[in-house]
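Reviewing the structure listed below.
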């Protein structure tokens with residue numbers, strides 16, 4: 001049975017530090033290699049773990065666990081903490097500069113939008129009253145179809161049918177009135 005080194009380190013015995021590295025270096029290194037993304041990161045981790053061992057040597061209690069178990073558990077906890085920290089850092093990187101330079105989609109001029117709005121309102125007036133009511137509740141009030149069904153007393157399937165038919169008629173009316181639908185946009 002080996003004599004524990006951590007109590008000697010806790011009491012300030014500098015010769016015990018070298019013995020500790022010699023005794024537990026392989027164990028700590030193998031854990032670090034398994035739980036580190038690179039050799040360089042493993043080397044840094046091993047160094048931090050031994051510094052941490054020396055700082056916390058006074059926490060070792062032989063009656064609770066063996067010294068090897070204490071070293072392995074401390075090393076494992078530190079390595080897992082490092083992994084979690086590196087993952088958090090990866091997730092919190094700032095937005096890429098190239099993404100900030102993206103201009104975004106071209107904006108439609110306000111006058112053109114106002115004209116389209118007028119045409120859409122006129123087309124909406126030509127719908128049957130039940131289709132118009134369903135679309136108005138959806139568009140102007142932002143209600144989902146289930147709430148429209150509750151408010152109007154219509155079955156949900158009927159609300160969906162009115163919405164679909166009304167949207168198709170609006171699309172056709174807008175096209176007739178000179179509105180071109182942008183490429184790739186489909187009305188369901």
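Values quoted throughout were computed directly from the atomic coordinates according to the rules given, and no laboratory measurement underlies them. For clarity, every value in this text was computed on a predicted model and none was experimentally measured. Cβ: placed from backbone, ideal geometry, glycine included. Neighbour counts: every protein chain shown.
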Plugging the Cβ-Cβ distance of residue 73 and residue 38 into 1/(1 + (r/R0)^6) at R0 = 30 Å yields, to the nearest 0.05, a FRET efficiency of 0.80
Dividing the alpha-carbon Rg of the stretch 1-52 by 2.2 N^0.38 Å yields what? 1.24
Seen from all sides and averaged, what is the projected area of the convex hull of the Cα atoms in the stretch 6-91, in nm²? 5.7
Between residue 175 and residue 141, take the C-beta separation as r, use R0 = 22 Å, and let me know the FRET efficiency to the nearest 0.05. 0.25
